[in-house]
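To start, the structure under review is shown below, and the notes come after it.
The numbers here are math on the coordinates, done by the rules we state, and not lab data. Only a predicted model underlies this, so the values are computations on that prediction, with no experimental measurement involved. Note that we place each Cβ from the backbone using ideal geometry, even for glycine, and neighbour counts take in every protein chain shown.
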Amino acid sequence: GVTAIAFTFKEILDGLGNEIEEVLMDSTWKTNALGYELFSIVGEVNGQAIPLAFMFITLNKEASEGTKELVLRDFVRWISGHCPNIKFTLTDKDVIEINA
């Protein structure tokens, strides 16, 4: 049902994770030949946007309803564990992103 690969920048999270209070998650889709969506999480530190993590994900017909939301929740939860002082989250109108 689902194929996903995520990566982060360990040095950024180790060095700045405790300072990050605001994060943004957004995605792109239909931007590559393989049909993967790209989700990104960006944090704000001292007025600067800092890339934190990225995830490519694709689902096929075998994926159960809600699968993408569950994967996104795990993705966000992992970042939250490394950025314990998040006070604000921003996303767009995608309900799956909002629910994650």
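How much length would be gained if the chain were fully extended between Glu69 and Glu22, taking 0.36 nm per residue of separation minus their Cα-Cα distance, in nm to one decimal? Intermediate results must be reported in sequence, preceding the final value.
Numbers: separation 47, 0.36 × 47 = 16.92 nm, distance 2.09 nm.
The Glu69-Glu22 span can extend by a further 14.8 nm.
Modelled label positions at Ser40 and Ile86, each set 7 Å beyond Cα in the direction of Cβ, lie 1.7 nm from each other. Comparing mean-square fluctuations of Ala53, Ala63, Ala33 from a GNM of the chain with C-alpha springs under 10 Å, the top value falls on Ala33. For the chain, the 222 nm mean residue ellipticity estimated from helices alone, with every DSSP H stretch of n ≥ 4 adding -39500 (n - 2.57) and the total spread over all residues, rounds to -8000 deg cm²/dmol. Sorted ascending by nearby beta carbons within 10 Å, beginning with the fewest, Leu90, Leu72 become Leu90, Leu72.
Within the straight-line cut-off of under 23 Å between alpha carbons, the lysines reachable from Lys87 are Lys10, sequence neighbours fewer than 8 places apart in one chain being disregarded.
Arrange Ile86, Ile79 by Cβ neighbour counts within 10 Å, fewest through most, would you? Kindly include the intermediate steps, with their values, before the conclusion.
Numbers: Ile86 15, Ile79 21.
Going from sparsest to densest Cβ surroundings: Ile86, Ile79.
Below 8 Å between Cα atoms, with a sequence gap of 6+, how large is the relative contact order for the chain in percent? Reported as a whole number, the value is 36 percent. With a cut-off of 15 Å between beta carbons, the residues surrounding Glu44 carry a summed charge of -3, where Lys and Arg count +1 and Asp and Glu -1. Taking other Cβ atoms within 10 Å as a rough exposure proxy, Trp29, Trp78 sort from fewest to most as Trp29, Trp78.
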